[in-house]
Amino acid sequence: MKYCLYFLDNKMVLDPDIVYTLGRSRDNLVLLPGQTVSRRHAEISWDKKHFVLRDLGSTNGMIVNGKQCFTHALFDGDHIEIGTLFLVYKEYDEKKSEEADFDRELTDTLMIEHQIAELLESVSERQVHEKIIRLKKTINNAKTKMNQLANRDRLTRLYNRRFFDEELQKEIERAKRYGYILSLFMIDIDHFKQVNDGHGHQKGDQVLAAVSSIIRKHTRVNDLVARYGGEEIAVVIPEMKSDNSVQIAEKIRFMVERDSEAKAGIPVTVSIGVSFHAGNDSPDRLIKKADKALYEAKRRGRNRVIVYNWK
């Protein structure tokens, strides 16, 4: 595995045996210019499983994937903001050819970031400097919103199928590398066709949005919840024991049965199939196992959770 940090117009291959300090002082291994960067701002070190980013008591802190943090275990594709600078952490399978493609895609963004950093360094007037920083933050916020819109289903506000497919592959790779359990729920609204036929498609949309809201409420922030297709919703639960995952699935089933009428005007239930990543399961294999469990839940009368546990 190859670990890379992109910043300004540089690309640094990270060595697990080295502790990397980041800041504007020239004695740092990662030199980040700018008045908003502390002299020793942060460090990156290996903790036997992955690289960890730590704030070193900086003035302006650091943001990872849009959230302020002091310590963060880095995963493939993480975006880091330090002062006005933008960094990207990337992991590559050295047997694959994805690195060159990513380098090309990232060039334009990093060049713009570099130009902004140089502009800030050249500006001496405080008001102009602050105006550029505010403009950069506005651009970053707009970029984040655009990414969210591109990855979300408009009706349910859950992630869309394209984003789900990409993230499931990443989560499986992480589960393999770090040895944690990964659970997948495939959730289907029972008799949804009857809802559309009997109450109209607008009511069907209302039911789908209500069920999605209930599922999102009873999963964790870092869980992946996506509209897989039609009335089917997929949930990926990383780093949770299998028994606890099944409890979450059962809670979702119960909450939909209890709250759907209040939220959507008619009562509905869901059937849930659960599978666990084992060994070298591919995304397709993990999905097929959950689908088989979902089919069994429907065969047994619906409104139930079934765990795939046969070969």
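The values are calculated or read from the model by the stated rules, or taken from the named source; none is laboratory data. If you're wondering where the values come from, they're calculated on a predicted model, not measured in any experiment. Glycine also receives a Cβ, built like all others from the backbone with ideal geometry; neighbour counts cover every protein chain displayed. Each accessible area value is taken on the protein alone, full model and side chains, heavy atoms only, with ligands, DNA and RNA left out. Shrake-Rupley method; radii C 1.70, N 1.55, O 1.52, S 1.80 Å.
Do the sum for the chain: with -39,500 (n - 2.57) for every DSSP H run of n ≥ 4, divided by all residues, what is the mean residue ellipticity at 222 nm, to the nearest 500 deg cm²/dmol? Walk me through the intermediate numbers first.
Numbers: 7 runs with 134 residues, N = 311.
Calculated from helices alone, the mean residue ellipticity at 222 nm is -14500 deg cm²/dmol.
Between Arg300 and Arg54, with labels modelled 7 Å along Cα→Cβ, what's the label distance in nm to one decimal, could you check?
Roughly 4.8 nm, to one decimal.
Taking the chain as the reference, fit the longest principal axis to its C-alpha atoms, fit the long axis of helix 283-299 to the helix C-alpha atoms, and give the angle between the two in degrees, 0 to 90, nearest 10.
Roughly 30 degrees, rounded to the nearest 10.
Quick one: order Ser212, Ser58, Ser122, Ser282 from most to least accessible surface, probe 1.4 Å.
Numbers: Ser212 0, Ser58 20, Ser122 85, Ser282 50 Å².
Ranking Ser212, Ser58, Ser122, Ser282 by accessible area, largest first, yields Ser122, Ser282, Ser58, Ser212.
Stretched out fully, how many nm does the piece from Lys2 to Ala278 gain, at 0.36 nm a residue minus the Cα gap?
Working: separation 276, 0.36 × 276 = 99.36 nm, distance 2.44 nm.
In short, 96.9 nm is gained.
By how many degrees, 0 to 90 and rounded to 10, does the Cα axis of helix 161-178 deviate from the longest principal axis of the chain?
70 degrees
Got a sec to turn the phi values of the range 38-52 into Karplus ³J(HN,Hα) couplings, 6.51 cos²θ - 1.76 cosθ + 1.60 with θ = phi - 60°, whole Hz, x for Gly and Pro?
6, 4, 10, 8, 7, 9, 10, 9, 8, 10, 5, 10, 7, 7, 10
Residues with beta-carbon under 13 Å from that of Arg40, excluding Arg40: net charge, scoring Lys, Arg +1 and Asp, Glu -1?
Combined, the nearby Lys, Arg, Asp and Glu give +1.
With 30 Å as the limit, write out which pairs from Lys203/Lys298; Lys203/Lys251; Lys170/Lys292; Lys90/Lys251; Lys193/Lys251; Lys217/Lys241 have Cα-Cα distances beyond it, or answer none. Provide the component values of the computation, followed by the final result.
On the way: Lys203/Lys298 23 Å; Lys203/Lys251 24 Å; Lys170/Lys292 23 Å; Lys90/Lys251 36 Å; Lys193/Lys251 24 Å; Lys217/Lys241 20 Å.
Beyond 30 Å: Lys90/Lys251.
With a probe of 1.4 Å, find how much accessible area the range 253-311 has per residue, and write the answer as a whole number in Å². List each step's numbers first, then the result.
On the way: 3190 Å² over 59 residues.
Computed with neighbouring chains in place, this is 54 Å² per residue.
On a 0 to 90 degree scale, rounded to 10, what angle separates helix 201-217 from the longest Cα axis of the chain?
60 degrees
Please give the FRET efficiency for Met255 paired with Cys69, using the beta carbon to beta carbon distance and R0 = 35 Å, rounded to the nearest 0.05.
The formula returns an efficiency of 0.70 here.
In terms of modelled amide H atoms, which long-range or inter-chain residues lie less than 5 Å from the amide H of Phe51?
Here Leu74 satisfy the definition.
Keeping every protein chain in place, order Tyr295, Tyr180 by accessible area at 1.4 Å, biggest value first, i.e. largest first. Could you put the intermediate results ahead of the total?
Values: Tyr295 155, Tyr180 40 Å².
Reading off the accessible areas and sorting them downward yields Tyr295, Tyr180.
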